[in-house]
1. Determine, yes or no, whether residue 32 is over 24 Å from the mean Cα position of the chain (by Cα), at pLDDT 95 or above and surrounded by 10 or more Cβ atoms within 10 Å (Cβ to Cβ).
2. Suppose we filter region 71-114 for residues that are surrounded by 10 or more Cβ atoms within 10 Å (Cβ to Cβ) and outside any helix (DSSP H, G or I); how many remain?
3. Quick check on this structure: which one of 118, 151 is over 33 Å from the mean Cα position of the chain (by Cα), exposed (fewer than 10 other Cβ atoms within 10 Å of the Cβ) and not in a loop (DSSP other than H, G, I, E, B)?
4. Which of the numbered conditions does residue 131 fail, given that it passes all the others? Conditions: (1) in a helix (DSSP H, G or I); (2) loosely packed, with under 10 Cβ neighbours inside 10 Å.
5. Just one of (1) modelled with pLDDT of 85 or more; (2) over 41 Å from the mean Cα position of the chain (by Cα) trips up residue 57, so point out which.
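The values are calculated or read from the model by the stated rules, or taken from the named source; none is laboratory data. Bear in mind the structure is a predicted one, so any value in this text is a computation, not a measurement. Neighbour counts are summed over all protein chains in view; Cβ atoms, including those assigned to glycine, are modelled from backbone coordinates with ideal geometry.
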């Protein structure tokens, strides 16, 4: 039997209606894929923009804080110089020569042996303290409690 090319033509058996929906489905998938590519590009661009903006914001904050630190350091140096000046003034005013000059101006003199006087006490050294109000109160409370216990316990 001689077979011809016409016998093996399978185009006659295929359903031509199914070819068109596959193409439509493929175009829908390709449209979806293209849309997703655009969405991913937009998301990447938005992410990059957010990163750049956060970097700029952090640099602005660093610049602001650096200015604050420099201002505080200038205030500290000013306070240190004021402290040094005031310490020098205090040392000058409280120096021994200055104090002696002030004492002489007030009429004070250095103490000598003739100004020392000794006080003699009795032969027995004893200190007696007057009884305080709190001590009296506690003593009265103690006496009251003892009298209550004596009454309760026969």
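1. Answer is no for this residue.
2. The number of residues fulfilling the criteria is 2.
3. 151
4. Exception for residue 131: condition (1).
5. Against the list (1) modelled with pLDDT of 85 or more; (2) over 41 Å from the mean Cα position of the chain (by Cα), residue 57 comes up short only on (2).
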